[in-house]
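Chemist: Please read through the structure below; I'll follow up with questions.
No lab work stands behind these numbers, since they all come straight from the coordinates. Please read these numbers as outputs of a predicted model, since none were measured by experiment. We place every Cβ from the backbone using ideal geometry, glycine too, and count neighbours over all the protein chains shown.
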């Protein structure tokens, strides 16, 4: 059906600075920095004038507040949420480019994401 929403995860229009490396047919790319246009627990749309080819494997890293992490509905134990209160959280996810557009690319995350806390003293600048 045309226009039917097929996403499993709710999308949020949160602009997050993301770092990404990719594996394409031509080899591995250097670390690139992008801004997300929208993001969910299942993927993200990255703003770029130079989208990667479809099916490129990517690894993304982004820094979130605990509130953003909860909004995006990443699954965490209640004890973990309490222990990480007030900290920024690094999320490292791998995925694949599933959509390429003039203004960016859609990436679907796989289920192998890692989430780790960062003390405020570790945040640069």
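Chemist: Restricted to Cα positions, what overall size does the chain have along the principal axes? Three whole-Å values, descending.
Modeler: Here the spans come out as 40, 38, 23 Å, largest first.
Chemist: Among 54, 60, rank each residue by its count of other Cβ atoms within 10 Å, from fewest to most, as a rough exposure measure.
Modeler: 54, 60
Chemist: With a 10 Å Cβ neighbour count serving as the proxy for reagent exposure, in which order, fewest first, do 97, 58 appear?
Modeler: Starting with the residue having the fewest Cβ neighbours, the order is 97, 58.
Chemist: Relative contact order (percent) for the chain, with alpha-carbon contacts under 8 angstrom and 6 or more residues of separation?
Modeler: After rounding, I find 24 percent.
Chemist: At a 10 Å Cβ-Cβ cut-off, how would you order 105, 32, fewest neighbours first?
Modeler: Lowest count first: 32, 105.
Chemist: I'd like the distance between the alpha-carbon centres of region 68-105 and region 49-64, rounded to an integer number of Å.
Modeler: After rounding, the separation between the Cα centres reads 14 Å.
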